[in-house]
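*Asks:* Shown below is the structure under consideration.
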There are 2 protein chains.
Amino acid sequence: MASIKDVAAQAGVSVATVSRVLNSHPSVSPDARTRVRAAVDALGYRPNAVARSLRTDQTRTLGLVISDVLNPYFTELARFVEEEARALGYSVIIGNADERPELQDHHVRTLLDRRIDGLLVSPADGDSSLMADVARGGTPMVFVDRWMPGVDVPVVRADGRDAIRDLVAHLHALGHRRLAIIAGPAATTTGNERVEAFREALRAYALTLPDVHIGQGDFQADSGRRVTERFLALPEPPEVVFAADNLMALGALDAIRAAGLRVPQDIGLAAFDDIPWFVHTDPPITAIAQPTGELGRAAVRALVDIVEGRSPQSVTLPARLVVRRSCGEPAPDRRSNR
Amino acid sequence: MASIKDVAAQAGVSVATVSRVLNSHPSVSPDARTRVRAAVDALGYRPNAVARSLRTDQTRTLGLVISDVLNPYFTELARFVEEEARALGYSVIIGNADERPELQDHHVRTLLDRRIDGLLVSPADGDSSLMADVARGGTPMVFVDRWMPGVDVPVVRADGRDAIRDLVAHLHALGHRRLAIIAGPAATTTGNERVEAFREALRAYALTLPDVHIGQGDFQADSGRRVTERFLALPEPPEVVFAADNLMALGALDAIRAAGLRVPQDIGLAAFDDIPWFVHTDPPITAIAQPTGELGRAAVRALVDIVEGRSPQSVTLPARLVVRRSCGEPAPDRRSNR
DNA sequence: CGAAGTCATGGAATCGATTACACGGATGAT
DNA sequence: ATCATCCGTGTAATCGATTCCATGACTTCG
């Protein structure tokens, strides 16, 4: 593969001049410029990004560590992240943590070894002292969707509080009173937050959330299944199950169906995170949709702000309720306020 | 960030010795070894992968360019690819071509600029002279799922021929005679292959595949919708629609539902590529499942074989029919042979 | 006892770029 | 005419590793 030396030789100039042309430095004669251009084309020369990175100490690459690629929500997020990054002239390396802290750490370390310019993380369950170290070490970093308390970096996320309130209002209006939730891992911020918001929304209707109606899930389908089986085995099973993410909702649907029950006649189901497939399930599932595109874009912008020395902003965007048929008759209006 | 020089100074040895310890070269005294190890720990030193790559001319990184990350089939494939690569000591950089040849070329170029050790590609529609150049240029390369005729690199893929034959047998047994297909882009190998296999399978039952029953899709949901609308507008609409991938099946389902028809009573639906959601759609969709995990693993192994100087193998694995309810009453046995 | 070999180690070249600095020639101001 | 500027260019240092080669100490064997 041709190097800058070959180009210089072919064009009859020094490597410095070639480099100047490549980086469009003003101080190059038109003549030299065209000769270099010609040599570049003739040799099919492409600058070696590795060498360039070593010298300039920047890779124009961002790392994205997400908790689970198979979760359509994160896949979509990753897509938007890459899109925005590309628009800003950066590449993205994705690491899939598979909800395992040690895998997450592995990816963070590998990414750091490659001297990525910045790190976008949606932290998995469990504590990672590494993450705090990295942030303190000065690596540009932004949390997206989830974050770690005590680690001082910008957070880009959706606030589901209002949407959850709308959901509870919707369920209450349909006559449901015994509501249960399949929570995410306690150690994830989104896990906790959704339970808290749910509990608070219930309080407005003088409803409570007893412990037996809080199932401990891990954001994976299997846990949704297990928790739901336990709910169904209760002397008085809940009338509606609210899953804190889409995969657990899927598991719940499985469990309900395996028990020979029908949605929504026998039991209702709602989910956090809306995905295209929820339109096509039997029945279509009522869900809370996050503005994934905006989230991904904002996260990249915040990160690049840090990388390029501007001051970044934490961003919180609202999620919104999308009513379908999995909790009972659809409301005539999409947003039912009380 | 600490460099090898800092470690050397701290340990009171030369950088050469540090490097030897790091690469577990035998010829280092136990004493020096422990001093270096201590210095590494004390400084939290991690070797700069960029510098190392420049010197050794290998990045221990593979590039994966896939046609559409939002397609669950490819997401799953990517996951397995990363898993196997990690097991073999490689990282993976994923590029999403979004079914756009120019984006695909962009990613290939960027990946090459970063001097990845090998390239795994599932080529999108359209011709890319770049790809042929790259292969000829000696970059280790393997096609996965789809390939480009005329480009001489190993191909790892699933053969759907038998499964499609099984599908047609299943449909025929259920009494269906007017069968239509939503094809993939003509320029993709999988696009063509599936149509041909379908046509051939029909021939065994003396059925034909008229042109009006071949819809030109692009592997995206929207195209499935459009093609299906056209099918439904036919004086004699098909009794079953077979979509050549899962997203187009989704689009077809939309169109069918928008037309006020029911699956499978009014029209049947089957898809190539099985995904978890097909169990939960209304009704569950009959599909042809590819051995995604094996495909991903085999592709990485073949690529790493080339990278490390062994001779690689093309691999073809069988796909299999998974009968559900979207084409009519489920057959009692899963594989209906005539 | 001396030659040959082994082993641990350090110096320095190298990978392919970027960039500070020096230099010579042209231009412009006084 | 003289001196300061500016412009285009090249030389060489540099980034952080790896690795060839030389060196000196020590072992081994005839």
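The values are calculated or read from the model by the stated rules, or taken from the named source; none is laboratory data. All values reported here derive from a predicted model rather than from experimental measurement. When we count neighbours, we look across all protein chains shown, and the Cβ atoms used for this are built from the backbone with ideal geometry, even at glycine. For the accessible areas, the whole protein counts, side chains as well, though only heavy atoms, and no ligand, DNA or RNA atoms are used. Shrake-Rupley method; radii C 1.70, N 1.55, O 1.52, S 1.80 Å.
*Asks:* Using a 10 Å cut-off on Cβ to Cβ distances, tally the other chain neighbours for every residue of A:86-94 and report the average as a whole number.
*Replies:* 3
*Asks:* Counting only protein heavy atoms and using a 1.4 Å probe, what share of the accessible area of the stretch B:159-291 belongs to carbon plus sulfur, as a whole percent?
*Replies:* So the carbon and sulfur contribution to the accessible surface is 51 percent.
*Asks:* Sticking with this one: Per residue, what accessible area does the stretch B:159-291 have, given a 1.4 Å probe and all protein chains present, in Å²?
*Replies:* Averaged over the residues of the stretch B:159-291, the accessible area is 36 Å².
*Asks:* Let me ask something else about it. Quick check on the stretch A:36-75: take the gyration tensor over C-alpha atoms, sort the square-rooted eigenvalues as a ≥ b ≥ c, and tell me if it's rounded (a/c under 1.5), prolate or oblate.
*Replies:* Cα axes put the stretch A:36-75 in the oblate bin.
*Asks:* Let me ask another. Out of the total accessible area of the stretch A:1-94 (probe 1.4 Å, heavy atoms of protein only), what percent is carbon and sulfur?
*Replies:* C and S atoms contribute 52 percent here.
*Asks:* With the calculation restricted to Cα positions, what are the radius of gyration and Dmax of the protein assembly as shown in angstrom?
*Replies:* 27.6, 87
*Asks:* Hey, another quick one. Using Cα pairs closer than 8 Å and at least 6 residues apart in sequence, work out the relative contact order for chain A, in percent.
*Replies:* It rounds to 16 percent for chain A.
*Asks:* Please work out whether the stretch A:159-290 counts as rounded, prolate or oblate from its C-alpha gyration tensor, where a ≥ b ≥ c are the square roots of the eigenvalues and a/c under 1.5 means rounded, while otherwise a/b larger than b/c means prolate and anything else oblate?
*Replies:* Because its axes are fairly even, with a/c under 1.5, the stretch A:159-290 counts as rounded.
*Asks:* Tell me, what ³J(HN,Hα) does each residue in the stretch A:102-119 have, in order and in whole Hz, if you take phi through Karplus 6.51 cos²θ - 1.76 cosθ + 1.60 with θ = phi - 60° and put x for Gly and Pro?
*Replies:* These are the phi-based 3J(HN,Hα) values: 6, 5, 4, 4, 4, 5, 4, 5, 4, 4, 5, 4, 7, 6, 4, 6, x, 10 Hz.
*Asks:* Can you compute 3J(HN,Hα) from phi for each residue in the stretch B:120-129, using the Karplus curve 6.51 cos²θ - 1.76 cosθ + 1.60 with θ = phi - 60°, rounded to whole Hz and x for Gly and Pro?
*Replies:* 10, 10, 10, x, 7, 3, x, 9, 10, 5
*Asks:* Given R₀ = 35 Å, what would the calculated FRET efficiency be for A:Ala42 paired with B:Ala187, taking r from the Cβ atoms and rounding to 0.05?
*Replies:* About 0.70, to the nearest 0.05.
*Asks:* With every protein chain left in place, what is the accessible area per residue of the stretch A:1-123 in square angstrom, probe 1.4 Å?
*Replies:* That works out to 44 Å² per residue.
*Asks:* Determine the residues within the stretch A:273-288 where the difference in accessible area between the chain on its own and the full set of protein chains amounts to at least 20 Å²; count protein heavy atoms only and use a 1.4 Å probe.
*Replies:* In the stretch A:273-288, residues shielded by partner chains: A:Trp277, A:His280, A:Thr281, A:Asp282.
*Asks:* I'd like the accessible area for A:Arg257: 1.4 Å probe, protein heavy atoms, all chains in place, Å² to the nearest 10.
*Replies:* 90 Å²
*Asks:* Right, next: Against the empirical 2.2 N^0.38 Å scaling, what ratio does the C-alpha Rg of the stretch A:11-92 come to?
*Replies:* Working it through for the stretch A:11-92, the quotient is 1.56.
*Asks:* I'd like the accessible area for A:Asp41, computed on protein heavy atoms only with a 1.4 Å probe and all protein chains in place. Round to 10 Å², please.
*Replies:* 120 Å²
*Asks:* Whole-Hz ³J(HN,Hα) for each residue in the stretch A:162-177, computed from phi via Karplus 6.51 cos²θ - 1.76 cosθ + 1.60 with θ = phi - 60°, x for glycine and proline: what do you get?
*Replies:* Result, rounded to whole Hz: 4, 5, 5, 4, 4, 4, 4, 4, 4, 5, 4, 4, 7, x, 6, 10.
*Asks:* Something else: Pop out a list of residues from the stretch B:34-60 that are at least 30 Å² less accessible with all the protein chains around than in their chain alone; 1.4 Å probe, no ligands or nucleic acids counted.
*Replies:* Buried by 30 Å² or more upon assembly, which counts only protein chains, are B:Arg46, B:Asn48, B:Ala49, B:Val50, B:Leu54.
*Asks:* Next question. Amide H of A:Leu119: which non-local residues (sequence gap of 5 or more, or other chain) have their own amide H closer than 5 Å, using H built in the peptide plane?
*Replies:* Placed amide hydrogens put A:Gly63, A:Met141, A:Val142 under 5 Å from A:Leu119.
*Asks:* Also: Any chance you could check the stretch A:228-262 for residues losing 50 Å² or more of accessible area when the partner protein chains are in, compared with the chain on its own (1.4 Å probe)?
*Replies:* Buried by 50 Å² or more upon assembly, which counts only protein chains, are A:Leu250.
*Asks:* Counting only other chains, what is the mean number of Cβ atoms within 10 angstrom of the Cβ of each residue in peptide B:75-81?
*Replies:* 3
*Asks:* Once you keep just the Cα pairs under 8 angstrom separated by 6 or more residues, what percentage relative contact order results for the stretch B:4-47?
*Replies:* 43 percent
*Asks:* Give the Kirkwood hydrodynamic radius (Å, one decimal) of chain A, defined as one over the mean of 1/r across all pairs of different Cα atoms.
*Replies:* 22.3 Å is the Kirkwood radius here.
*Asks:* Right, next: Please report the buried accessible area for the interface of A with B, total over both chains, probe 1.4 Å, in Å² to the nearest 100.
*Replies:* 4200 Å²
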